[in-house]
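Please read the structure below before turning to the comments.
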Amino acid sequence: MTLTRRLALAAALALPLGAAPAFAQTQITIQHPLPLNSHYGAGASAFKESLEAATGGRYRVNIQRNDNEREMIESVQIGTLDCTITSTGPVGNFVPEVRNFDVPFLFRDTAHARGVLDSEIGQGVLQRFNPRGLAGVIWLENGFRHLTNSRREVNAPADVRGLKVRTMENQVHMRAFQTLGALPTPMAFSELVPALQQGTVDGQENPIPVIVANNLNQVQRFLTLTGHVYSPALLICNPAMMGRLSAADRTAFMAAARAAQKANRDRVSADEASGVEELRRRGMNVVTGVDATAFQAALAPAFAEYERSLDGALLRRVRDWRPN
Ligand code: EAX
């Protein structure tokens, strides 16, 4: 490029002579509700690294914390936020089909859950997001949820009776705790710790990684490893933003989403392996060896209602799913 043209270009770009003109950089913001060093944070960071590297920096991913999942989903839906990583907690209020995956004791174990979500069953539910103004990009993982409370050891379903338990804003979970005789109190994650500190609720339920990452041991004395429900998570994005991606950039975007899924799931596995011991070390009273069949028997009325109110055929496909 001749000196004249460089001068003209530099003047046009108001850049100091000799500076390389900066290419246009597309910003993508992802918000999630947990500490940046959590299983959601691991996924978000892996997404950022993968997409920025694959596009040579043409994309810049900004990661932010926002502990109100319903608000983040609403922001993605109206386009003021590009993407969120969220549990399925409030998602069923936007995409009802997702509620099928919130049924207690539906998934046998983590391998069953991950296999179903990555199969045509889970992909089919992701397709139901677009008609609702959302893009369900990929399934992530929150983990199996366990019960904590500040009042007493919970060894059997009868011990749950009368406990005020914070639940997510999730009708499937609320029905389950009602059936057990608890008083389910739905609220956003942002309100949880103050409610536990003030005694507005006695207990809550969350996966080990969430309990550890948020130091819930500081406001909860008793932990019972109920594993009463598997909590999927999701990367949800704004459809218009996805639609603006070129074919090549969409390929890079989906590769970054898969990198996020791997990092997130690996971190959940690691946290679940070490988290219970860590919570014991922090002073929690941990009840293990819970009789899951007793909890399932106590939930029978709720299961009968789920068969009627949810997609019974889909629930049967999930239960029958086996790895190839
Ligand atoms: O998604 O609200 C909850 O209990 C969720 O498990 C938490 O926000 C992580």
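The values are calculated or read from the model by the stated rules, or taken from the named source; none is laboratory data. As the structure is a prediction and not an experimental result, all values here were calculated from the model. Cβ sites come from the backbone with ideal geometry, for glycine too, and all protein chains shown count toward neighbours. Quick note on the areas: whole protein, heavy atoms, side chains included, nothing else; ligands and nucleic acids left out. Shrake-Rupley method; radii C 1.70, N 1.55, O 1.52, S 1.80 Å.
More than 15 Å apart: what percent of Cα pairs in the range 150-214 qualify?
Every Cα pair in the range 150-214 considered, those over 15 Å come to 50 percent.
From the phi angles alone, apply the Karplus equation (6.51, -1.76, 1.60; θ = phi - 60°) to the range 223-236 and give each ³J(HN,Hα) in whole Hz, x where the residue is Gly or Pro.
10, 10, 7, 6, x, 5, 7, 8, 9, x, 10, 8, 9, 10
Leaving out ligands and nucleic acids, note down the accessible area per residue over the chain with a 1.4 angstrom probe, in whole Å².
Ligands and nucleic acids excluded, the figure is 43 Å² per residue.
Measuring from label point to label point, each 7 Å out along Cα→Cβ, what is the D320 to Q123 span in nm?
Result: 2.0 nm between the two label points.
List the residues, sorted by chain then number, that are 5 or more residues from T226 or on another chain and whose placed amide H is less than 5 Å from its amide H.
Those qualifying (amide H under 5 Å, at least 5 residues apart or on another chain) are L147.
Against the 2.2 N^0.38 Å scaling, with N counting residues, where does the range 25-319 land? I'd like the Cα-based Rg ratio to two decimal places. Kindly include the intermediate steps, with their values, before the conclusion.
Values: Rg = 18.7 Å, N = 295, 2.2 N^0.38 = 19.1 Å.
So the Cα radius of gyration is 0.98 times the expected 2.2 N^0.38 Å.
I'd like the carbon and sulfur percentage of the solvent accessible area for the range 25-319, probe radius 1.4 Å, heavy atoms only, ligands and nucleic acids excluded.
49
Could you work out how far apart the two model spin labels at E191 and S150 are, taking each label as a point 7 Å from the Cα in the direction of the beta carbon, and quote it in nm?
Going from the E191 label point to the S150 one covers 1.6 nm.
Using all C-alpha to C-alpha distances in the range 38-103, build P(r) with 10 Å bins and read off the rounded percent in each one.
Spelled out bin by bin, the range 38-103 gives 19, 42, 31, 8, 0 percent.
How big is the range 251-324 along each principal axis, measuring the range of its Cα positions in Å and listing the largest first?
46, 38, 24
Determine the percent antiparallel among the DSSP beta bridges restricted to the chain, to the nearest 5.
Values: 22 of 40 bridges.
Antiparallel: roughly 55 percent of the beta bridges in the chain.
R166's amide H: which non-local residues (gap 5+, or another chain) put their own amide H closer than 5 Å, with H modeled 1.01 Å from N in plane and none for Pro or chain starts?
T185, D202, G203, Q204
So, by mean Cβ neighbours within 10 angstrom, what's the order for 143-151, 130-138 with the highest one leading?
My ranking of the peptides, most packed first, is 143-151, 130-138.
Which percent of Cα pairs goes in each bin when the distances of the range 201-289 are cut into 5 angstrom slices starting at zero?
3, 11, 19, 18, 12, 10, 9, 8, 6, 4, 1
Using a simple spin-label model with points 7 Å from Cα along the Cα→Cβ vector, what separation in nm is obtained for Q178 and N66?
Rounded to a tenth, the inter-label distance reads 3.0 nm.
Can you give me the span-like helices of the chain, meaning DSSP H runs with 20 Å or more of Cα extent along the axis and Kyte-Doolittle mean at or above -1.0?
Working: long enough: 39-54 (23 Å, -0.14); 247-281 (50 Å, -0.71).
Within the chain the helices that satisfy the rule are 39-54, 247-281.
Nearest 500 deg cm²/dmol is fine: what mean residue ellipticity at 222 nm does the chain get from its DSSP H runs of n ≥ 4 alone, each adding -39,500 (n - 2.57), divided by its residue count? Intermediate values should be presented prior to the final figure.
Details: 13 runs with 141 residues, N = 324.
Computed ellipticity for the chain at 222 nm equals -13000 deg cm²/dmol.
Can you tell me, using C-alpha contacts under 8 Å and at least 6 residues apart, the relative contact order of the range 25-319 as a whole percent?
28
Placing one identical point scatterer on every Cα of the range 73-175 and ignoring solvent, what is log10 I(q)/I(0) from the Debye formula at q = 0.22 Å⁻¹?
-1.25
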